[in-house]
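Scroll down for the structure; my scribbles are underneath it.
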Amino acid sequence: MTELPKRVRVVVVGGGIVGVSVARHLAGLGETDVLLLEREPMLGSRASAASAGGLRQQFSTEHDVLMAMEGVRQIRRLAEDTGHHPEFRSHGYLMLACGEPRMRAYEAGAALQRRLGLPVETLSPAEVARRWSILDASDVLGAVFCGTDGICDPHAVVQGFATYARTRGVRIATEVEVTGLLLDGPAVRGVTTNHGTVRSEIVVNAGGAWAARVAATAGLALPLRPCKRQIFSTRPFPLPPDLPLVLDLDRRFYFRPESGGAILSAAEVEEVADLEPVLDWSGVPDLVERAVHRCPTLAEASIARGWAGLRTLTPDDSAILGEVPGRPGLILAVGLGGHGITQGPAVGLAVAELIVRGESSALPLAPFHVGRFSDPPLSIV
Ligand SMILES: Cc1cc2nc3c(=O)[nH]c(=O)nc-3n(C[C@H](O)[C@H](O)[C@H](O)COP(=O)(O)OP(=O)(O)OC[C@H]3O[C@@H](n4cnc5c(N)ncnc54)[C@H](O)[C@@H]3O)c2cc1C
């Protein structure tokens, strides 16, 4: 039977990359009276385990770019900070555009990203074909490429953050389910769990796809949409290991090298009510057709396995972070969508600073406030 403390300063709900990042940064700022609760036997075993490990900094808003840049900085120093090697490979993200609207959006994004310090190149189809002759760029209008984007091992990042937090005194309990938020008037002052009640000054909701359910126990309706995403991996076949992650949103497809072969995905949004996504092979022939069109060599590959996970989207595709009007004591770190591995490290830092110092100096939290979606910000029933 797991013995939980009766009272701590901060409870973190959820041990995915976001929750462990919050715990790691609280510890880094000297706040160790922290209890992280994870329902599963292993940390990082839900969305964080399903990810492609891609670290893309090419976003269209300044706050998302800064968040991603800070994430990459932290992952680069992970081994030094925590002893866990992130397997960071800086092979870049190549984002292809087949139509004018997407190319214009990519060019505008590239201008912003360069201003913020990223080495983003705008490429013609001929340059794409010259640099990556393995790709068929005949129907491409142009592309953007950032050579400091890359990939990492998300498991190592989760374990590194958890080790850092634990060794400084943060308590982490797995196989503990938070069944509700504890209310004292309007304020959230702890959690109920299947192992008893824990009182706290602050609760951080980092429950990923389940965050809306956790918030609902305090009468909050969060605008989160859990969406299923699948990835398939091939058996080893000849593919340059330093190929970037190639993202082709017009053909709803991305792929990158992995373990001597490739992983590939139909970059599609499928909203689901069932939060236990099941792998569906029915779309594979269509995915393979799109893949072979873009990279003819993929015709030599055979798919070995696949998996499904949940990306938790918000109405504007940016995370929801920070305090909740009408619910003092509750802090949200949710809605990381398809970029939680990239942005989770920065989210943890910003949220920890908010808790310890009353504001985040590392990154602006205002653009991520839940109040941006409605006025009044949230329905409290
Ligand atoms: C197929 C796929 C590919 C992706 N690829 C990338 C990528 O290349 N790059 C990138 O940056 N991002 C990617 N993402 C997105 C990224 O994986 C997520 O944004 C990130 O993992 C979200 O982290 P999280 O901690 O919020 O959620 P999770 O990792 O799901 O963690 C939430 C945790 O909360 C726990 N929990 C929930 N409710 C409770 C409760 N009541 N009590 C206790 N514990 C609870 C859950 O068990 C879970 O472990 C991808 C996602 C998917 C699905």
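The values are calculated or read from the model by the stated rules, or taken from the named source; none is laboratory data. The model shown is predicted, which means the values in this text are computed figures rather than measured ones. All Cβ positions, glycine included, derive from the backbone under ideal geometry; neighbour counts span all protein chains shown. Side chains are part of the model used for accessible areas, which takes the heavy atoms of the whole protein and leaves out ligands, DNA and RNA. Shrake-Rupley method; radii C 1.70, N 1.55, O 1.52, S 1.80 Å.
Things worth noting here:
- In the chain, a dipole from Cβ-located charges (positive for Lys and Arg, negative for Asp and Glu) runs towards its positive end, and of Gly329, His85, Ile134 it is Gly329 whose Cα lies farthest in that direction.
- Stokes-Einstein diffusion coefficient of the chain, Kirkwood radius over Cα pairs, 20 °C, 1.002 mPa s, in µm²/s: 101
- Sites listed here are trypsin sites (Lys or Arg not before Pro) in region 10-96 whose DSSP assignment is loop and whose Cβ has at most 14 other Cβ atoms within 10 Å: Arg77.
- In this entry, region 82-205 is assigned a mean projected area of 13.0 nm², taken as a quarter of its C-alpha convex hull surface.
- For region 1-54, the square roots a ≥ b ≥ c of the C-alpha gyration tensor eigenvalues yield an a/c of 1.5 or more together with a/b not exceeding b/c, which makes the shape oblate.
- Restricting the GluC sites (Glu not before Pro) of region 1-49 to loop positions (DSSP other than H, G, I, E, B) with no more than 14 neighbouring Cβ atoms within 10 Å leaves Glu3.
- Across the chain, the mean sequence separation of Cα contacts (distance under 8 Å, 6 or more residues apart), normalised by length, yields a relative contact order of 24 percent.
- Gyration tensor verdict on region 140-222 (Cα atoms; rounded if a/c is under 1.5, prolate if a/b is larger than b/c, oblate otherwise): oblate
- Loop-located trypsin sites (Lys or Arg not before Pro) in region 177-259, at most 15 other Cβ atoms within 10 Å (DSSP): Arg252
- Summing Cβ point charges (Lys, Arg +1; Asp, Glu -1) relative to the Cα centre of the chain gives a dipole of roughly 620 debye.
- Taking only protein heavy atoms and a 1.4 Å probe, the accessible area of region 67-145 is 51% carbon and sulfur.
- Adding -39500 (n - 2.57) for every DSSP H run of four residues or longer, then dividing by how many residues the chain holds, sets the calculated 222 nm ellipticity at -8500 deg cm²/dmol.
- Three-way shape label, region 312-370, alpha-carbon gyration tensor, a/c 1.5: oblate
- Mean separation of Cα pairs under 8 Å and 6 or more residues apart, divided by the residue count, gives region 262-381 a relative contact order of 19 percent.
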